[in-house]
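Each remark here refers to the structure printed beneath this line.
The values are calculated or read from the model by the stated rules, or taken from the named source; none is laboratory data. Just so we're clear, the structure is a prediction, and the values are computed from it rather than from any experiment. Quick reminder, even Gly has a Cβ in these numbers, built from the backbone with ideal geometry, and neighbours come from all protein chains shown.
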Amino acid sequence: ITNSNNPLLAGLNPAQAAAVSHDGGPLLVIAGAGSGKTRVLTRRIAYLIEAKEVHPGSILAITFTNKAAAEMKERVNELVGPIAKSMWVSTFHSACVRILRNHPEALGYRKNFVIYDQDDAEKLISLISSSMGLDTKRFPTRQSASRISNAKSELLGPKELMAKATHIMERKVAEVYAQYQERLLGANAMDFDDLIYKTHELFERYPAILEQYQRRFFHLLVDEYQDTNVAQNALVMQLGERSRNVFVVGDSDQSVYGFRGADMRNILEFEKAFEDVAVIKLEQNYRSTQTILDVANSIISNNQYREAKNLWTDQGSGEKVRLFVGDDDSEESNFIASSILRERETGGRRYSDFAVFYRINSNSRSVEEAFIRRGIPYRVVGGTRFYDRREIKDTMSYLRLIQNPTDEIALRRVINVPKRGIGDQSIAKVATLAAEMGTTLVDALSKYEAAGVTGRAKSGIADFLVLMEALRGHVRDEMPPGELIEAFLDESGYRSELAANDSVDNLSRLDNLSELVSVASEHETLEAFLDASALVAQADQIQGDDVVTLMTVHTAKGLEYPVVFLTALEDGIFPHSRSLYEPKELEEERRLCYVGVTRAREILYLTRANQRSQYGESSLTIPSRFLDEIPPSLIEDVSVRLSYEERRSRYLGDSVVQSASGLSSSTLKRYGTTSNSTKVDSGPRLSVSQLKPGIPVVHGSWGEGVVTAIDGNGDNASVTIRFSSVGSKKLILSYAPLKLA
Ligand code: ATP
Ligand code: MG
């Protein structure tokens, strides 16, 4: 068959077809947003199998999310049937877990190792920091965690990090790093970065193992190549060295994970790594209108460090992009809500045609409030994830501990859940004994009497050990994971503790647990279920229901929607405040803006507010500099101009509705103040008597959090809350805009 009538190449332009039918050897498809890179990659797989008779089992394709992976598998399954199963299409992390599970001993691990998420990793780092006597003000756990993570993504081990350290702070972090790795190994656990780092190490130390995979994966394909970090890139080079069939697609203008160690130099240097690399550029865009592309091009052309390329389409210019400037964030959000309702009624669109993007998570709150008031169904992608909920984490920690008895972080989390009278002091006693004996916390636990544990804690630990042994017995009897969870809920008393108090909260927790049972039932073994749940990416929460999607611009990469709202376009938010004086980071913000704009297929709204409340304060804003980079001829200003009187009555009316519905009444309180940073006071405050550690609360700006400590009394009382958006904060109770969750 010639290329022009090959059905596998139908619906592709000549450049796309050339990429899909590429003979072999390294190929780089470097192209702008919406030019069909992902389509080309998917087709390439089909082409290899159909036209080149490549066995699906010798293909490894790396995608950015598990969702994209599932779609690709589905397609290939349609083409070739069940044999498609032997093909690996997955994220870097999932592929690495599969490889590591085959050779854990080579690296000193046992087969049943568990995967720590960010939260677990930070807990362990904080334990280490305090045992080293480090001052948490000078060495915030978050910061140490991110330095260690960066080191791993650059393939630097503790020794290398130490060698690079130039002052005491860096040396301390390197020390924490060294201990952290030891403790992880002791707990038979790996964190996310380890999955890549350790696979690379495995290949480096064992050439024979590497060769086995080089021979197996004769074809390597990688999507979103611009966001691979040094470690991931090295892994691609290792695997592709022998066959040289490395097919990568990416867009250097969309590299937005610099903070996570993604390195856009990878794509620029791919050409150097393989001397005979073929390069294909795609410039025709099939997603957006010409106006949207002109806006994207005009913004990104302000970046110094890029290869010029210009996207075009033959789909016509379409409508101008719409700019809305609200007086404050609630007006901005109301505008978004009413535009969606209007377009749905008159434009024949579904809720799922709309997406709202914001730069920082906390910006979703005001949009959510407007949607709730208007009854618009929505989904926040990457909010509190299902697997981050308390009851789910508790249960998963038990499962991990059943599978891997040495998991210290899981043990600490569940030893007194449900309550068994085992306090921090008893655990400290056991930890001391463990240190003396040079064993792990888990090993020392059974010697609780020698450790000097007394009273209720003594029988508590004994009960706990009996429970764990019973649960492990179920696993030995090959009980499937869904039933195992049920057994855990009954035998541990976890279910009866929740059922004893049938608050709405507890009922929804029980619902979540049933949901977990049904997810677990899809897996045959405990290990398979634990791996799958550890690797659920945020973008995988996107599903097909008819709801509006809310997400950060980062999460939106690779996706497309007919109507897009790009919100809070204000200097200090988008671009982010940390980037304003850093030319390199500002360029990354600009790429992020380019990603946001290029998600829109037909209509793009750009919105901002003159005043925004953040962190409990309302202040005047400065329009985003990115707005100035768009030629005015492409923009239609759709802001409603209200007179002072109209605005005043709207504010007052609006705020009454808000407080009646139990939502923020900050608009009312803010009204009449002109200072640009006024404390926002919104209604009755919580009191000390309503709070205790563990209680979930919602903050006006920071969203959901959990109380971790309360100090003092009355007007002076302060409360420490761990927010999922911004981490731990200490707040004065009488000022903080908090309500119970
Ligand atoms: P991004 O950079 O945002 O990841 P991309 O380059 O991966 O974008 P795709 O998502 O593959 O682009 O394609 C964008 C849209 O254009 C999709 O809806 C896709 O189906 C469509 N498309 C791609 N190529 C063609 C083509 N030759 N003819 C018609 N539609 C196409
Ligand atoms: Mg894509």
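Of the residues that make up the stretch 277-297, is at least one farther than 30 Å from PHE192 by Cα, among the aliphatic types (A, V, I, L, M), in contact with a Pro (Cβ under 6 Å, 6 or more places away or on another chain) and touching a residue at least 24 places away in the same chain (Cβ under 8 Å)?
Yes, because at least one residue in the stretch 277-297 is farther than 30 Å from PHE192 by Cα, among the aliphatic types (A, V, I, L, M), in contact with a Pro (Cβ under 6 Å, 6 or more places away or on another chain) and touching a residue at least 24 places away in the same chain (Cβ under 8 Å).
Quick grid of which residues meet (1) of a type in the set (D, E, K, R); (2) at pLDDT 90 or above; (3) within 16 Å of ligand 2 (Cβ to nearest atom):
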{"site": "ASN229", "(1), (2), (3)": "no, no, no"}
{"site": "MET237", "(1), (2), (3)": "no, yes, no"}
{"site": "VAL256", "(1), (2), (3)": "no, no, yes"}
{"site": "ARG260", "(1), (2), (3)": "yes, no, no"}
{"site": "GLU275", "(1), (2), (3)": "yes, no, no"}
{"site": "ALA278", "(1), (2), (3)": "no, yes, no"}
{"site": "ASN285", "(1), (2), (3)": "no, yes, yes"}
{"site": "SER288", "(1), (2), (3)": "no, yes, yes"}
{"site": "ILE299", "(1), (2), (3)": "no, yes, no"}
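Mind telling me which of the residues ALA487, ALA451 ends up being assigned to a helix (DSSP H, G or I) and out of contact with any Gly (no Cβ under 9 Å at 6 or more places or on another chain)?
When all the criteria are applied, what remains is ALA487.
Only one residue in TYR213, TYR177, TYR197 is in a helix (DSSP H, G or I), on the phi < 0 side of the Ramachandran plot and touching a Pro at 6+ places or on another chain (Cβ under 6 Å). Which one?
After ruling out the rest, the residue left standing is TYR177.
What number of residues within the stretch 40-65 are touching a residue at least 40 places away in the same chain (Cβ under 8 Å), away from ligand 2 (no atom under 15 Å from the Cβ) and surrounded by 17 or more Cβ atoms within 10 Å (Cβ to Cβ)?
5
Of all residues in the stretch 693-709, which are within 20 Å of the chain's Cα centre (by Cα), assigned to a strand (DSSP E or B) and either surrounded by 21 or more Cβ atoms within 10 Å (Cβ to Cβ) or not aliphatic (A, V, I, L, M) (or both)?
The answer is GLY703, GLU704, GLY705.
Within the stretch 24-32, identify whether any single residue is farther than 28 Å from THR289 by Cβ and surrounded by fewer than 18 Cβ atoms within 10 Å (Cβ to Cβ), and answer yes or no.
Checked against the condition, which is being farther than 28 Å from THR289 by Cβ and surrounded by fewer than 18 Cβ atoms within 10 Å (Cβ to Cβ), the stretch 24-32 yields at least one hit.
Does the stretch 174-195 contain at least one residue that is touching a His at 6+ places or on another chain (Cβ under 7 Å) and at pLDDT below 95? Break it down stepwise before answering.
If we filter the stretch 174-195 for residues that are touching a His at 6+ places or on another chain (Cβ under 7 Å), which is where we start, we get 192, 195.
Next cut, at pLDDT below 95 only: 192.
Yes, the stretch 174-195 has at least one match.
Out of the residues in the stretch 550-562 that are farther than 21 Å from SER330 by Cβ and surrounded by 18 or more Cβ atoms within 10 Å (Cβ to Cβ), state the one that is nearest to ligand 1 (Cβ to nearest atom).
Within the stretch 550-562, the match that is nearest to ligand 1 (Cβ to nearest atom) is GLY558.
For the stretch 435-458, name all the residues that are surrounded by 14 or more Cβ atoms within 10 Å (Cβ to Cβ) and of a type in the set (Ser, Thr, Tyr).
If the condition is that a residue be surrounded by 14 or more Cβ atoms within 10 Å (Cβ to Cβ) and of a type in the set (Ser, Thr, Tyr), then THR439, THR440, TYR448 are the ones that fit.
Quick one: in the stretch 39-71, of everything that is over 21 Å from the mean Cα position of the chain (by Cα) and among the hydroxyl-bearing types (Ser, Thr, Tyr), which residue is farthest from ligand 1 (Cβ to nearest atom)?
Checking each candidate, the answer is SER58.
For the stretch 14-39, give me each residue that is over 29 Å from ARG215 (Cβ atoms) and away from ligand 2 (no atom under 16 Å from the Cβ).
PRO14, ALA17
Identify the residue in the stretch 203-257 that is away from ligand 1 (no atom under 16 Å from the Cβ) and aromatic (Phe, Trp, Tyr) and, among all such residues, is farthest from GLY25 (Cα to Cα).
TYR206
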